[in-house]
1. Hey, A451 hits all of (1) part of a loop (DSSP other than H, G, I, E, B); (2) free of Cβ contacts under 8 Å to residues at least 60 places away in the same chain but one; which does it fall short on?
2. Out of the range 352-376, which residues are open to solvent by less than 40 Å² (accessible area, probe 1.4 Å) and assigned to a helix (DSSP H, G or I)?
3. I need a count of the residues in the range 34-51 that are part of a helix (DSSP H, G or I) and either in contact with a strand residue (DSSP E or B) (Cβ under 9 Å, 6 or more places away or on another chain) or at pLDDT below 85 (or both).
4. Search the range 424-436 for residues being open to solvent by 80 Å² or more (accessible area, probe 1.4 Å) and at pLDDT 85 or above, and hand back the single one that is farthest from S373 (Cα to Cα).
5. With respect to the numbered conditions (1) in contact with a Lys or Arg (Cβ under 9 Å, 6 or more places away or on another chain); (2) closer than 29 Å to G331 by Cα; (3) of a type in the set (D, E), which one is the sole condition not fulfilled by D424?
6. Report whether or not S392 is surrounded by fewer than 17 Cβ atoms within 10 Å (Cβ to Cβ), of a type in the set (G, A, S) and assigned to a loop (DSSP other than H, G, I, E, B).
7. Answer yes if at least one residue in the range 189-203 is over 30 Å from H260 (Cβ atoms) and either surrounded by 21 or more Cβ atoms within 10 Å (Cβ to Cβ) or of a type outside the set (D, E, K, R) (or both), and no otherwise.
Amino acid sequence: MVLDNDDLFGSQPSDAKAESNDTPKVNPRASQSEDSGRYRPLADLLRPNHMADIIGQEHLTGEGGALSGMFKSQQFSSLILWGPPGVGKTTIARLLAHKANRPFEQISAVFSGVADLKKVFEKARLYRQQNGVSTILFVDEIHRFNRAQQDGFLSVVEDGTVILVGATTENPSFSLNGALLSRCQVFVLHRLDEKSLLQLLSRAEEKIHRQLPLTEQARRNLVYMAGGDGRYLLNMAEYLFSLSDYGPDHQNSENFQQIHPEDLGKILSHRAIAYDRDREEHYNLISALHKSVRGSDPDAALYWFARMLEGGEDPRFLSRRLTRMAVEDIGLADPHALNQAMAASAAYEQLGSPEGELALAQLVVYLATAPKSNALYTAYKMVRKNASATGSLMPPAHILNAPTTLMKDIGYGEGYRYDHDEPDAFSGQNYFPDEMTRKIYYHPTPRGYEATLAKRLQHWSALRKSRNNPQR
C-alpha cells in the first residue's frame, strides 16, 4: 500500500515552534490526532516529519551523515538500523518511505511468518512489473526471523524488488546471516544522551504548552530513569502531565505542587535494566567486568558485577568467569587468587542468594586489587601450539620410564641424574626432545609472587650454563 504523508504522520505540523500561540492546548491524557479523533500517545505526536528533526543521531542525519546523503541523492539501498529501543529506528524508516515516494510495506518479525513474507514479496513483484518501482519493506525486530526466513529476503533484495529496511536491537553480526548482511548497509543508532533527552522533554513541553511539574533535579532524574530511551521518557512525561491536570485535588498546572526527586521514584517505576542473559548485552557486560578486573579498577568491576546480578544473571556463571580471571589475568603473581575464587564459589553454594553474592563481590575486589600477570596464560597458548606441531617427538632417553630389563637394556633411563642428589637439588639436564631446540615459554613478570619466581628461574638458568649442559 502507498501511504501519503497523513497516513504516515497524521496532520500535525512538522515543528511545534511553528504553531500559533492561539493553538488549543493538547490534553495529555487523551491526545487526539486532529483529523481522525483517535487517541495518539505523546511519543507519536512528537514523531519527526523531517530528517533534521531527529534527535541524537546527528552522525547519520546531520550534515555529511550517511542517511542525509542518501536522502539528498535519492539513491536508496537496503539497510539495517541497529540500536536500542526508543532512538528513532521506526521514524527513520517512515521518513525514508515518504521521501522516496515509493510503496511502503511494514511487518513485524514478532507477528509475521513465511506466508506473510510471500504475500508482501508477490505484491512488490507485481507493482514493480507494472510501474518499474521497488517497494520499501520495513521489517521491525528483523533479528527474530530465523536463518531460513532471512534467506527468503535474498532474491528480492538482490533483484531490487524490495528495498529492505530492517530494524533490530540485536547485534547484526550475531543475529543476521552473512548473506543478508552483505546486501545491506548497517547503520548504528546511539542511545540518547542526557542532552538529547532534555531536548526531547523541551519539545514535549512546547507541544503541550506548559512545563512539567518537576524541580530541576527531578527533571534530570527523570532523564536518568529513561535509560537513553526517548519513547520511554515521553511516556513517563505524558503521565506526569496528566497528574498536573487530574491530580487528587484537581489543581491546575500553575498551582500544582512541583515533584521533588525523592517523590519521583514513588510516582514512576524505573525502566527495566537492559540485559539479556543469552544475547549481546550479556557478552558486553561480562567483557566490561573482566576488563575492569584486569585494569585493577575495583569500583568499576563491582559496578558491572552488580549490573549483571540486577539484570538477572546467574551468580554461578559469574563465579565461573571470576575463577577464569584468577588464572588468566593474575595467575602466579598471586597464587592465592585461585584459592579465593574457589572459596567464594563454595561460600555462594552454601549461602545461596542474596547472601552468597557478597562472597562473590569480595572476590571481585580481591581480583581487581591483586597484582596482575598473564605470563602463564601466554605461556600456555604458546606451548599448546608448539606441542601440536611437535607431537610425534619422543622424550630424551635418559628420562624415559624403564620398568623392565629390556627397556633398560635398550637405553631407557640411562644417564638420568636424580635431582635431589645433585648440588642445589638441580641437575640441569635436558628435558626437551633431543630433536627440539630448547624453548622458553614462561616469562614471569616482576609483580607479586612472580618476582620471586623470576629470580629462581634466573638462578637455575645460570646453574645450567655453569654445568656445561647444552642449551636446547
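The values are calculated or read from the model by the stated rules, or taken from the named source; none is laboratory data. Being a predicted model, the structure only gives us computed values, none of them experimental. As a convention, Cβ positions derive from the backbone with ideal geometry for all residues, glycine included, and neighbour counts pool all protein chains shown. All accessible areas refer to the heavy atoms of the entire protein, side chains included, with ligands and DNA or RNA removed. Shrake-Rupley method; radii C 1.70, N 1.55, O 1.52, S 1.80 Å.
1. (1)
2. Within the range 352-376, the subset open to solvent by less than 40 Å² (accessible area, probe 1.4 Å) is 352, 356, 359-361, 363-364, 367-368, 370, 372-373, 375.
Listed by number, the residues that qualify are A359, L360, A361, L363, V364, L367, A368, A375.
3. Residues of the range 34-51 that are part of a helix (DSSP H, G or I), as a first pass: 42-45, 51.
Filter once more, keeping what is either in contact with a strand residue (DSSP E or B) (Cβ under 9 Å, 6 or more places away or on another chain) or at pLDDT below 85 (or both): none.
Residues that pass the stated criteria total 0.
4. Restricting attention to the range 424-436, the residues satisfying the condition of being open to solvent by 80 Å² or more (accessible area, probe 1.4 Å) are 424, 431, 434-435.
If we keep only those that are at pLDDT 85 or above as well, we get 424, 435.
Numbers: D424: 28, E435: 32 Å.
By that ranking, first place goes to E435.
5. Every listed condition holds for D424 apart from (1).
6. Details: surrounded by fewer than 17 Cβ atoms within 10 Å (Cβ to Cβ): yes; of a type in the set (G, A, S): yes; assigned to a loop (DSSP other than H, G, I, E, B): yes.
So S392 passes the test.
7. At the first step, the residues of the range 189-203 found to be over 30 Å from H260 (Cβ atoms) are 189-190.
From the residues that got through so far, the ones that are either surrounded by 21 or more Cβ atoms within 10 Å (Cβ to Cβ) or of a type outside the set (D, E, K, R) (or both) too are 189-190.
Scanning the range 189-203, I find at least one residue that is over 30 Å from H260 (Cβ atoms) and either surrounded by 21 or more Cβ atoms within 10 Å (Cβ to Cβ) or of a type outside the set (D, E, K, R) (or both), so the answer is yes.
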